[in-house]
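Have a look at the structure below before the remarks.
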Amino acid sequence: MKLKDLDIIVTAPPAPGWGGRYWILVKVTTDDGIVGWGECYASSVGPDAMRAVIEDVFDRHMRGENPENIELMFRRAYSSGFTQRPDLTIMGAFSGLEIACWDILGKARGRPVGALLGGRINDRIRAYTYLYPLPHHGLDTFWTSPEMAAESALDCVDRGYTAVKFDPAGPYTMRGGHMPGMRDISQSVAFCKAIREAVGDRADLLFGTHGQFTTAGAIRLGQALEPYNPLWFEEPIPPDAVEEMAKVARAVRIPVATGERLTTKAEFASVLRSGAATILQPALGRAGGIWEMKKVAAIAEVYNAQMAPHLYAGPVEWAANIHFATSIPNLLMCETIETPFHDQLIKGSIRVEQGFITPPSAPGLGIEVDEALARAHPYTGDGLHLQMQDALCDYEKGNNFEGGAPAPRD
C-alpha cells in the first residue's frame, strides 16, 4: 500500500462562520483505493498559496510512501530545506496529510485510529465550547454584553457542558502585546462575575485570550480575574516569549494554557521546561499531526501537565482530536464547535451529547465526509482563516472586538 493521489478542498462555512473563514481539507488515496481525510489548520498564507505548499510537501516527502511510515515522512518534512526546526506552514501542511494517513491505516486494518495509538483509555471525552450568540442576541452587542454571555453560558450548561470559554478582553493586534485598557479589565471582570453567577459551580470558566498582552498587562488582568476561579488563562502573551509567559504563570493564581499556535515537540517542550503552562492546547492540524502530539502528551505527563486539544476549524480536525484524546491518560477536555455545517460535513458521525463526546468505533477517523457539500461551499474571499488587526487597543472609547474572523454581515 502506497500513497498515490491528493485532492485539496477549501470549503467555507456559511454565516455566521464559526470555526474560521475557511477549512482546508485533504483527501489522500492509496494505490489500492483507500481514501483518507485530513485537515490542515494553517493560515499564515492564503488558501491558494497553502494549496501549493500542501502539494509540494506531499509530492516531495510522501507520494509513493507506505502510509505506515509516519515517522520517516515527518522527519523528511521537518528537515526540509536543511532546516530541522519548527515551521508553522510546512508543519500545517504535513499535519493534515498525516491525519489522512492515520485514517487510511485505520480503514486498512478495520480499526478506529484510537486503537492504533495504544488503545482507548477514555471512553467519554469532556467537551467545551466558546460562548456564541443565541438566536435572539445581536451580533453587534453580544461580544461586550456580560448579560448575554451569561445567558449563553447557562444555555450551554443546561445542554450538559461543564466548561465554557469566552474572550472579552480586547483586540488581537499585530503590534504584539499591549497593556489592556481599564475598560477591558472591568469588562472581563464583569463577564466572569455574570457567568459565574449564572452557572454557579456547574461549569468551569475558561478565560480566553490570544496573546494580546504584555507580560505586565497579562499579570494585571489575570490577578483581577482570580476571585472567579477560572480553570485557565489562555495564551495571555504572544506565544514566542516562553520565559515571559512563565512570569505570568508564577504571578497569577489561574493555570495558564497555551498551544494553538505552537508546532512540534520542540516548542511544546520549551513551554513545559519553563513552567509557562500546565495545560497544552495543540491544534492537531498544525502541531505536527497525531503521532507528534502523542509524543508531546508523553512529555507532558512527566511535568504533570494536561492536554486540551484546540479546535477553531472544521470537523475533520475535530475527529483527529477525539482519537488522540481517547488514547492519552492526561486528557483534560476537548474544544468543540456545534454548527449545522460542522455536523452535516461529517454526516452526524460524531456529536456532543450532554457535554461529552463518545469516540467513534468505526474504522479510521470514524467519519463520513460529505465531499459534495464541501465542494458546494468554495471559499471565494481574500482574507486569511483568522487575522490580527492593525489598529491599536482603543483606550479612549473601549473595544468591541469579535475575534479574528468576525461573522459576516448581510
When the range 322-349 is checked residue by residue, the ones that are without any contact (Cβ under 8 Å) to a residue 60 or more places away in the chain and surrounded by fewer than 23 Cβ atoms within 10 Å (Cβ to Cβ) are 330, 340, 343, 344, 347, 348, 349
Of the listed residues (65, 71), the one being of a type in the set (Asp, Glu) and more than 28 Å from residue 240 (Cβ to Cβ) is 65
Within the range 77-89, is even one residue out of contact with any strand residue (DSSP E or B) (no Cβ under 7 Å at 6 or more places or on another chain) and closer than 30 Å to residue 341 by Cα? yes
- Task: Assess whether residue 382 counts as being more than 20 Å from the chain's Cα centre (by Cα) and closer than 30 Å to residue 119 by Cβ.
- Result: no
Screening 305, 257, 277, 246 for residues that are surrounded by fewer than 23 Cβ atoms within 10 Å (Cβ to Cβ) and within 21 Å of residue 176 (Cα to Cα) leaves only 246
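Kindly indicate which of 380, 358, 326, 339 is touching a strand residue (DSSP E or B) at 6+ places or on another chain (Cβ under 7 Å) and among the polar types (S, T, N, Q).
Details: 380 fails: touching a strand residue (DSSP E or B) at 6+ places or on another chain (Cβ under 7 Å); 358 fails: touching a strand residue (DSSP E or B) at 6+ places or on another chain (Cβ under 7 Å); 339 fails: touching a strand residue (DSSP E or B) at 6+ places or on another chain (Cβ under 7 Å).
Criteria check complete, one pass: 326.
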Check the range 70-90 and report whether any residue there is outside any helix (DSSP H, G or I), surrounded by 18 or more Cβ atoms within 10 Å (Cβ to Cβ), over 23 Å from the mean Cα position of the chain (by Cα) and not basic (Lys, Arg). no
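For the range 221-241, enumerate the residues that are among the acidic types (Asp, Glu) and assigned to a helix (DSSP H, G or I). Explain how you work it out, then say what you get.
Step one: filter the range 221-241 for residues among the acidic types (Asp, Glu), giving 226, 234-235, 240.
Answer for the range 221-241, where residues must be among the acidic types (Asp, Glu) and assigned to a helix (DSSP H, G or I): just 226.
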Is the range 41-62 home to any residue that is surrounded by 16 or more Cβ atoms within 10 Å (Cβ to Cβ) and within 26 Å of residue 361 (Cβ to Cβ)?
yes
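Values quoted throughout were computed directly from the atomic coordinates according to the rules given, and no laboratory measurement underlies them. As the structure is a prediction and not an experimental result, all values here were calculated from the model. Heads up, the Cβs are rebuilt from the backbone with ideal geometry, glycines too, and the neighbour counts pull from every protein chain shown.
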